[in-house]
Amino acid sequence: MTAVQTEQDADLLELYSRMLLIRRFLEKVDSLYRQGKVHGPAHLGLGQEAIAVGAASVLRPDDQSIGTYRGHAHALARGASPEAILAELLGRAGGICAGKGGSMHITDVERGYYGSFAIVGAHLPIAVGLAWANRIRCTEQVTVCFFGDGAANIGAFHEALNLAALWSLPVVFVCENNQYMEYSPISAMIPVQRPAADRASAYGLARLDVDGNDVEAVRTVVGDAVQAARRGDGPALIEADTYRLKGHSAADAGAYRPAEEVAEWAARDPLPRAYAALQAAGHDELDLMAIDTRTRVQVSGLADRVLASGPPEPGTVWTDLWADGGSSWRS
Amino acid sequence: MGRRGQLVAELTFRDAVRVGLDQEMARDETVVLLGEDISSGGVFKTTTGLRERFGPERVWDTPISEQAILGAAMGAAMAGLRPVAEIMFADFYAVCWDLVVNEIAKTRYMTGGQVSLPLVMRGASGFGSLGFGSQHGQSAENWAMCVPGLKIVSPSTPAEMAGLLAAAIRDADPVLVFEHKALYGAKQTVPDGEHLVPLGTARVVREGSDVTLVGLSITVRHCEQAADTLAAEGIDAHVLDLRSLVPLDAQAVLASVARTGRLVVVEENPGQLGWGAAVTSIVAEEAFDDLVAPITRVTGGNIPWPVARELEAEVDVSPERVVAAVRNLMKREPSTRAVGALRRSRSQEGVQHADQR
């Protein structure tokens, strides 16, 4: 019981502020990408902030989360340094992965974010392993695993769900259904209606759907699942509907998506929705605008610092392979 | 109880797996096992009795789900446990290769060292003309050797098996341990006490001065038998057991070649691109002046493995093939020695080597 009480307290204003930081950060990344400043691809989670923030808001600091190459939001939601993430994306000194991971592998283990995995579906079995260790050690820690709709079609999804359910592990799988498997609509790639929810029964799990653009709804549904997992009631599979406001990666304009569909989802953008709810609850518009101004200044400032910083020390390329710090393979 | 170092027990290679696991599980409660059928000992009866001794929270039976097995091992290692995952046949790494190559091998590096992965992947490997054929008979060590971030162990005797497995479990990095299935029945009298053989140190199986034979796993036995035959012909072979491919004890090979001037590398896998190619390239680049004859590789055939005994014999490595390779080298000696002597005359160190010989 005490475990649950240590979970982060967060009201809608707090959730909104966290989403806003992610939104302004990702917009900055998009802009820097267009200026040719980002080294390598960058998959933006613009429009999907509510899932990351809502889910992270129910976790204990020692809980583990794990995600995909579209993982900036999930790292930020756990409290990772936006400056260190941007340094990683731009290949500057001080990168969160020391310049060795890049945009697709943002990780902050100290903050409980065990990594962004870029081979679709590969991290679902790894999440099972984190949860397995939690169970063996009776730590009451919970693992939350975010994955995309496309991952529900890969074998690792089945193996992971099957084993998690079989061993009744404390892991909550959250499918971020952003409607597109890269450039193809997910509806064209599944013989069922819902990529994750329609498969839950195969593992003896309850069907759980949530509006992934409603941060409070995500907080409630994921929160219930996390509490159940912490109690020892086993895993959950949640499907959260959302939409990416941009293409698959920053290089993709997303032109294959019908204009009406884009407009329809733009109207469900989680940030304006939270903003409207805060206004309706009596929050002063000037206060809300001040939060946005502060956030823009924060992001702009950290971007300037990163842009002004130098590259990583070239010799560090040979460190971090082995636990002894080196990379030697022979005498 | 015998004192440490006393010869007290006859151990099979199969038992040695259990002994190594038992020793480390007793020593470190974070060591946990998972794999298919392992609570009943597994297909090769290497884990018999461990669930009874350590309980179900230390020994976990899994479905036939190799990706889940290695993913679970990786996640648990990230969380601080020391999992030992059994992959029943090394051939099955092919169905979970993403976990091995893209996740387990690379995550420490890609995160700038934020996580360590102290885990062991172990299981039966190798051909040995046992009728297992193409999909259950491969020696897969060299698959892993292409990938920085993986340590690779392939023991040749029961004592080596127990000691290297223990070292692999204690290692802070991911280690693949290949257990040759044709060796499981091999017996050896081993000393009592702790089994621990450090990774990255080759074993001198036999001292010799005419030719260096380098083996791994079952081919060490082939090299030893070949050395016996060659000794009767007056050829003195130096036999090295590499024990681990990563870390590789290249200095042991180079030092031996400096004395013998001749190198035969014996590997069971197909030769198209085996671990022997890596070993021989090191010697060719770094010890060219020591050589008096071409480097020779004895390898498995470059085809999928057959099953009928007579067909197996065509592609498998054997002591006879090693002997033939050495005889061929010795025959070539007059012409190549002249070239070698010329090279050595340009190198003070080379002259010293020649004098020693």
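Every number in this text was worked out from the coordinates using simple rules, so none of it is lab data. Computed from a predicted model, the values in this text were never measured in an experiment. Reconstructed Cβ throughout: ideal geometry from the backbone, glycine too, with neighbour counts over all protein chains shown.
A simple charge model with +1 on the Cβ of Lys and Arg, -1 on the Cβ of Asp and Glu and nothing else charged puts the dipole of the protein assembly as shown at about 1380 debye relative to its Cα centre. Most simply put, region A:2-306 has about 10% antiparallel DSSP beta bridges, counting only bridges with both residues inside it. Each residue in A:TRP265, A:TRP132 was given a count of other beta-carbon atoms within 10 angstrom of its own, and listing them fewest first yields A:TRP265, A:TRP132. Taken over the Cα atoms of region A:148-206, the convex hull encloses 77 Å³ per residue. For chain B, the average shadow cast by the Cα convex hull is 19.2 nm², which is a quarter of the hull's surface.
Could you tell me which of rounded, prolate or oblate describes chain A, using a ≥ b ≥ c as the square roots of the eigenvalues of the alpha-carbon gyration tensor, with rounded for a/c under 1.5 and, failing that, prolate when a/b is larger than b/c and oblate otherwise? Before the final figure, lay out the partial values.
On the way: a/c = 1.32, a/b = 1.06, b/c = 1.25.
Rounded shape, in that the Cα axes give a/c under 1.5.
Cβ crowding within 10 Å, taken as a proxy for footprinting-reagent exposure, orders A:TRP167, B:TRP97, A:TRP322, B:TRP275 from fewest neighbours to most as B:TRP97, A:TRP167, A:TRP322, B:TRP275.
In a Debye calculation with equal point scatterers on the alpha-carbon sites of region B:8-191 and no solvent, what is log10 I(q)/I(0) at q = 0.15 Å⁻¹? Rounded to two decimals, the profile gives -0.81.
For chain B, what does the helix formula give at 222 nm: sum of -39500 (n - 2.57) over DSSP H segments with n ≥ 4, over the residue count, nearest 500 deg cm²/dmol? If you can, show how the numbers build up before the last one.
Working: 12 runs with 136 residues, N = 357.
Mean residue ellipticity at 222 nm (helix-derived): -11500 deg cm²/dmol.
Calculated on the Cα set of the protein assembly as shown, radius of gyration then Dmax: 28.9, 99 Å.
I need the semi-axes of the equivalent ellipsoid of region A:184-331: take the C-alpha gyration tensor, multiply each eigenvalue by 5, square-root it, list largest first in whole angstrom.
Gyration-tensor ellipsoid for region A:184-331: 35, 29, 21 Å.
Other residues with beta-carbon under 9 Å from the beta-carbon of B:ALA250 carry, at +1 per Lys or Arg and -1 per Asp or Glu, a net charge of -1.
Using a Debye calculation, one point per C-alpha and no hydration shell, please list log10 I(q)/I(0) for region A:1-153 at q = 0.21 Å⁻¹ in order. Debye curve over Cα of region A:1-153, log10 I(q)/I(0) at q = 0.21 Å⁻¹: -1.37. Relative to the longest principal axis of the Cα atoms of chain B, the long axis of helix B:13-27 makes an angle of roughly 50 degrees.
The modelled label-to-label distance between A:ALA206 and A:GLN298, using points 7 Å beyond Cα along the C-beta direction, is 3.4 nm. Taking every DSSP beta bridge that has both ends in region B:8-191, the antiparallel portion is near 15%.
Ordering A:LEU124, A:GLN35, B:MET25 by Cα displacement along the dipole of the protein assembly as shown toward the positive end leaves B:MET25 in first place; charges were set at the Cβ atoms of Lys, Arg (+1) and Asp, Glu (-1). With the simple spin-label model, which puts each label point 7 Å out from Cα in the Cβ direction, the A:SER81 to B:ASP289 separation comes to 5.0 nm. What separates the Cα centres of region A:91-154 and region B:256-334 is a distance of 44 Å. Starting from the Cα gyration tensor of region B:123-206, take the square roots of the eigenvalues, sort them a ≥ b ≥ c, and report rounded, prolate or oblate (rounded when a/c is under 1.5, otherwise prolate if a/b is larger than b/c, else oblate). Judged from the Cα gyration tensor, region B:123-206 comes out oblate (a/c at least 1.5, b/c at or above a/b). Computed over neighbours whose Cβ is under 15 Å from that of B:SER129, the net charge equals -2, Lys and Arg +1, Asp and Glu -1.
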